[in-house]
Amino acid sequence: MTQILPVLLLFTPAVVATAASLDPAPPPGIEIVEKVNARDDGETLVQSIAMTLTDKRGRVRTREIRTYRRRVGPDRQSLVAFESPRSLRGTAFLTFDYPEGEDDQWLYLPAARKSRRISAADRGRYFMGTDLTYEDIKNENRINASDYRFETVGIENVSDRPCWRVSAKPRSDDLARALGYGRLELLVDREQYVVRRFDSWDIGGNPLKQVRFEDFRSVDGILTPHRIEATNHKSGHQTRLQSHEVQYRTEIDEEIFSPWAMNRAR
C-alpha cells in the first residue's frame, strides 16, 4: 500500500488537468447575446395572451391582449392591443424597432382619442401596470446589444437546462436611468440560445425583479416561450403572461402598424 499511494498521487494532477481541458472556455458575453438575437423568430407573429396581475395582498386583475409583429426589411414592427377588460379595450402600444438608430413608439389611449409618442427616456417605465417595461415588451426574448456591456460570469441550471450566466451593464449612467436597470444577469440556454431568466438590479444596486421565460414549445419550427412570469422584489407585485393561439408566418394587414389606425387593431 505504501508503494501504490505515491504512484496514485503522481498521476492525479495529470488526470485533473486533462478533465479540465475538456471543458471549453465560455464564449464572450456579446457572442452569446448575438446568438440569442440571431435566432429565427418568424417573419410575422400573431398571438393572444392572457395577462394576470397579482399584488402583494393576493388581489388579482386579468387582461386579454393580442399582439402582432412583422419584419419590414431589417426593421421590426409590433403592436400590442388590449381586448379586455372593457375599460382598456382599444388601448394599444406600437413599436418600430430599427437595428440602427432610435426606435419609434406610440401608446394609444381610447379616452384621449389619439396616440402619444413614447420617448427613449421613457422606455424603462412600466407598461400598463405590469412588472415589464416598455423595453421589455418590445424585446420579447431578445436584448438590445447596443445598450449594454456583456461579460460571461458563470454557468447555472434553469429548469434543468444548463445556461450561460451573462452580466449586462448599461454603457452609461444616462442609459441606466432610461432603461431603469443598473445591471442585468441573463441566463441563456447553452444549446438553444434562448433567454430562460433574467434578474435585474436598480441603479442603486438593489435587487429589482426577476423575469422567467417558461413553457417553451416549438411552433412552426420556432422555439417559443408560452409563459412569462415577472416578480418585482420591491413591491411584491407579479405579472404572468400566458400565450395561446400562437401563429407564425400568417398574413397581417399592414394598416394596423400605423399610429393613426391603432384603435382599429383589435
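Read-outs: derived from the displayed coordinates by stated rules, not from any lab. What you are looking at is a predicted structure, and each value in this text was computed from that prediction instead of being measured. Ideal geometry is used to build each Cβ from the backbone, glycine not excepted, and the neighbour counts take in all protein chains shown.
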Distance between the stretch 195-250 and the stretch 87-128 - C-alpha centres, whole angstrom: 20
Percent breakdown of C-alpha pair distances by 10 Å bin, ordered from the shortest bin, for the chain: 6, 26, 34, 19, 6, 4, 3, 1, 0
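Give the order of Trp260, Trp164 when sorted by the count of other beta carbons within 10 angstrom, beginning with the fewest. Can you show the working numbers first?
On the way: Trp260 11, Trp164 23.
If I rank by nearby Cβ atoms, fewest first, I get Trp260, Trp164.
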DSSP-assigned coil residues among trypsin sites (Lys or Arg not before Pro) in the stretch 70-169, each with at most 16 further Cβ atoms within 10 Å: Arg86, Arg89, Arg113, Arg125
Folded to 0 to 90 degrees: helix 29-38 orientation relative to the chain principal axis, Cα: 50
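What order do you get for Val80, Val153 when you list them from fewest to most C-beta neighbours inside 10 Å? Before the final figure, lay out the partial values.
Values: Val80 23, Val153 13.
Least crowded to most crowded, the residues run Val153, Val80.
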Cβ-based charge dipole, the stretch 26-264, positive-most Cα from Leu45, Pro207, Leu187: Pro207
Using distinct alpha-carbon pairs, which all enter the 1/r mean, Kirkwood radius of the stretch 37-77 in Å: 12.8
Reachable lysines from Lys35, criterion Cα separation under 29 angstrom, eight or more residues apart if same chain: Lys138, Lys169, Lys209
Equivalent ellipsoid dimensions for the stretch 21-107 as semi-axes, Å, which come from the Cα gyration tensor, largest first: 33, 22, 12
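Relative contact order, percent, of the stretch 26-264 when contacts are C-alpha pairs under 8 Å separated by at least 6 residues?
Numbers: 540 pairs, mean separation 52.2, N = 239.
Taking the mean separation of contacting Cα pairs over the length of the stretch 26-264, I get 22 percent.
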Rounded to 10°, Cα long-axis angle of helix 4-21 versus longest principal axis of the chain: 30
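Roughly how many debye, to the nearest 20, is the charge dipole of the stretch 36-166 about its Cα centre, given +1 on each Lys and Arg Cβ, -1 on each Asp and Glu Cβ, and no other charges?
Numbers: 24 positive and 21 negative charges, 171 e Å.
The dipole of the stretch 36-166 has a size of about 820 debye.
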